[in-house]
Amino acid sequence: MSIYDDDFRVPEESRKGMDLPRIERAVREILIAVGEDPDREGLLETPNRVARMYGEVFSGLHRDITKDIKTFTSDNDEMILIGDIPFYSMCEHHLLPFHGKAHVVYVPKNGKILGLSKVARIVDTLSRKPQLQERLTSEIADTIQKAVDAMSVCVVLEAEHLCMTMRGIRKPGSKTVTSAMRGGCRSDARTRSEALALINRPRNII
């Protein structure tokens, strides 16, 4: 068993493209470069911990997204909302986290629907790589539309970026909101309004 396997909850397939020992060596070099002593007690295990963490937070780079998709047939052709899905990702500009909630609305076509947990899994997998929030929003929308050939898709992400809150301009609490519309949500104002109304619903109704 590898030293990287202990309590490491990333599927083996997602780790095949990662060189964890190389990450460990690089982290050690960073510690030296910033003026730290990587051999002091508190930092001895840090390179290994960071390597395992990167293996987890970047596992979406090497996971086949189709494995996260499971569809069912139903007689439903009305709008479906899966809202307030927590997500965590890493900004590719500074490798600092951004996190928030994803809201997904789609209208099935010919009764083809996604398993509810699979929508959350899609969000999770696509989040686990160096990302831009704008790209992540579009990737979620495109994946869902392709998976079920949906008539309409609306994805809204709201997130806080640590590259804005702990460094740089340092404005904690500021949120970035992005949206991606596909099909009827893009072309029809009424469908788009209905989807956004679902997303912005009063949370105490459920």
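Odds and ends about this structure:
- Only a single item in (1) in contact with a strand residue (DSSP E or B) (Cβ under 7 Å, 6 or more places away or on another chain); (2) surrounded by 16 or more Cβ atoms within 10 Å (Cβ to Cβ) is not met by Glu194, and it is number (1).
- Qualifying position, being in contact with a helix residue (DSSP H, G or I) (Cβ under 8 Å, 6 or more places away or on another chain) and either crowded, with 16+ Cβ neighbours inside 10 Å or assigned by TED's automatic domain parsing to the domain that holds Pro97 (or both), among Ile140, Ile169: Ile140
- Within the stretch 197-206, being surrounded by fewer than 14 Cβ atoms within 10 Å (Cβ to Cβ) and either modelled with pLDDT under 95 or touching a strand residue (DSSP E or B) at 6+ places or on another chain (Cβ under 6 Å) (or both) holds for Asn200, Arg201, Pro202, Arg203, Asn204, Ile205, Ile206.
- Just one residue in the set Thr191, Thr143 is within 21 Å of the chain's Cα centre (by Cα) and either closer than 21 Å to Leu95 by Cβ or hydroxyl-bearing (Ser, Thr, Tyr) (or both); that residue is Thr143.
- Test: residue in the stretch 109-118 that is basic (Lys, Arg) and under 19 Å from Ser174 (Cα atoms): no
- Qualifying positions in the stretch 156-206 - within 15 Å of Ile80 (Cβ to Cβ) and charged (D, E, K, R): Arg182, Glu194, Arg201
Residue-by-condition table, conditions (1) among the polar types (S, T, N, Q); (2) closer than 20 Å to Asp68 by Cβ; (3) touching a residue at least 60 places away in the same chain (Cβ under 8 Å):
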position	(1), (2), (3)
Val104	no, yes, no
Lys129	no, yes, yes
Leu136	no, yes, no
Asp142	no, yes, no
Ala195	no, no, yes
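- Enumeration of residues in the stretch 163-196 that are modelled with pLDDT of 95 or more and in contact with a Phe, Trp or Tyr (Cβ under 9 Å, 6 or more places away or on another chain): Thr176, Arg182, Gly183, Cys185, Ala195
- Close contacts from the stretch 18-37, counting a first residue that is over 18 Å from Met53 (Cβ atoms) and a second that is modelled with pLDDT of 95 or more and not aromatic (Phe, Trp, Tyr), with Cβ to Cβ under 9 Å and a gap of 6+ residues or different chains, come to Ile32/Pro38; Asp37/Leu31; Asp37/Leu43.
- Among residues of the stretch 147-166 being surrounded by 14 or more Cβ atoms within 10 Å (Cβ to Cβ) and part of a loop (DSSP other than H, G, I, E, B), the one that is nearest to the chain's Cα centre (by Cα) is Ala150.
- Of everything in the stretch 172-185 that is part of a strand (DSSP E or B) and in contact (Cβ under 8 Å) with a residue 24 or more places away in the chain, the residue that is surrounded by the fewest Cβ atoms within 10 Å (Cβ to Cβ) is Thr176.
- Any hit, the stretch 49-57, residues being without any contact (Cβ under 8 Å) to a residue 60 or more places away in the chain and in the same structural domain as Val177 (by TED's automatic domain parsing): no
- Matching entry among Gly17, Gly35, Gly83, Gly42 (being closer than 30 Å to Cys185 by Cα and either modelled with pLDDT under 90 or of a type in the set (Gly, Ala, Ser) (or both)): Gly83
The values are calculated or read from the model by the stated rules, or taken from the named source; none is laboratory data. All values derive from a computational prediction rather than experimental measurement. Heads up, the Cβs are rebuilt from the backbone with ideal geometry, glycines too, and the neighbour counts pull from every protein chain shown.
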